Amino acid sequence: MSQYKIAVFVGSLRKDSINRRLAQALEKLAGDRAKFEYLKIDDIPLYNQDHDNQFPPQGTRLKTQVRAADAVLFVTPEYNRSIPGVLKNAIDTASRPYGDSAFDGKPAAVIGASIGAPGAAMAQQHLRNVLVFVNLAVMAQPEAFLHYKEGLIEADGSISNDSTRAFLQGFVDRFLAWIETNHAP
Ligand SMILES: Cc1cc2nc3c(=O)[nH]c(=O)nc-3n(C[C@H](O)[C@H](O)[C@H](O)COP(=O)(O)O)c2cc1C
């Protein structure tokens, strides 16, 4: 198996984001099988179709990073039962101008954490709808709705709970196998 480059969208800008910690935990579980590249999305202007002809440089940077990756991983919280606006704005930007999307055909996966029991399930469902439309090859299973409790993931990405670690290891292994099957030659 090769080392895959994975472009990572984290749907939270918060310094102590549990979703960023979750992404870091997945990176650790992938080990040297993958290289995670965390995408900067906090400086991308609000998408405006009028600017498609003078595309913002931050949007071009994002698209270049996505294009250079073998796969895309979305790690997101749920905001008001849906996708955080900052994440949707980044996706809209990387999918445009029409006919020049950075996403087309790449393997992708979705995961998320929340402090509530549903574990960002509804945000992930909304996100899947969007990602299928932009023609990402989204892994259907396993779904992963993480109910985050204090101390579950340390700042270095280590996971304190054995069953959570085993579950997330399974998620990472399946995603890498999905990339193996679906990435561009
Ligand atoms: C604007 C806003 C809306 C939220 N809505 C939800 C929600 O619909 N469902 C949920 O489980 N948690 C919700 N939360 C709580 C988040 O799960 C919690 O803030 C979590 O820590 C966010 O992820 P992060 O730590 O990666 O930023 C919301 C938080 C914010 C700030």
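The values are calculated or read from the model by the stated rules, or taken from the named source; none is laboratory data. All values reported here derive from a predicted model rather than from experimental measurement. Note that we place each Cβ from the backbone using ideal geometry, even for glycine, and neighbour counts take in every protein chain shown.
A search for C-beta distances below 8 Å between a residue of the range 81-99 that is aliphatic (A, V, I, L, M) and any residue that is modelled with pLDDT under 95, counting only pairs 6+ apart in sequence or on different chains, returns nothing.
Within the range 147-174, residues that are assigned to a helix (DSSP H, G or I) sit with their Cβ atoms under 7 Å from residues that are of a type outside the set (A, V, I, L, M, F, W, C) and surrounded by fewer than 16 Cβ atoms within 10 Å (Cβ to Cβ), at 6+ positions apart or across chains, in these pairs: G170/P142; F171/P142; R174/P142.
Each row is one residue, and each column tells you yes or no for (1) among the charged types (D, E, K, R); (2) in contact with a His (Cβ under 6 Å, 6 or more places away or on another chain); (3) away from the ligand (no atom under 15 Å from the Cβ).
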{"position": "Q54", "(1), (2), (3)": "no, no, yes"}
{"position": "L62", "(1), (2), (3)": "no, no, yes"}
{"position": "V66", "(1), (2), (3)": "no, no, yes"}
{"position": "I115", "(1), (2), (3)": "no, no, no"}
{"position": "G119", "(1), (2), (3)": "no, yes, no"}
{"position": "L136", "(1), (2), (3)": "no, no, yes"}
{"position": "Q141", "(1), (2), (3)": "no, no, yes"}
{"position": "G157", "(1), (2), (3)": "no, no, no"}
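When G99, G31 are screened for being part of a helix (DSSP H, G or I) and either modelled with pLDDT of 95 or more or under 29 Å from G151 (Cα atoms) (or both), only G31 passes.
In this entry, D42 passes the filter for residues that are within 16 Å of the ligand (Cβ to nearest atom), out of contact with any strand residue (DSSP E or B) (no Cβ under 7 Å at 6 or more places or on another chain), in a loop (DSSP other than H, G, I, E, B) and charged (D, E, K, R). State whether the residues of the range 103-119 include one that is in contact with a Phe, Trp or Tyr (Cβ under 7 Å, 6 or more places away or on another chain), more than 28 Å from R33 (Cβ to Cβ) and of a type outside the set (G, A, S). Scanning the range 103-119, I find at least one residue that is in contact with a Phe, Trp or Tyr (Cβ under 7 Å, 6 or more places away or on another chain), more than 28 Å from R33 (Cβ to Cβ) and of a type outside the set (G, A, S), so the answer is yes.
Does T93 meet the test of being β-branched (V, I, T) and under 30 Å from N53 (Cβ atoms)? Step through it out loud before you land on a result.
Values: β-branched (V, I, T): yes; under 30 Å from N53 (Cβ atoms): yes.
So T93 fits the description; yes.
A117 meets the stated requirement of being more than 15 Å from L168 (Cα to Cα) and not in a helix (DSSP H, G or I). Against the conditions (1) part of a strand (DSSP E or B); (2) buried (at least 19 other Cβ atoms within 10 Å of the Cβ), P77 satisfies every one except (1).
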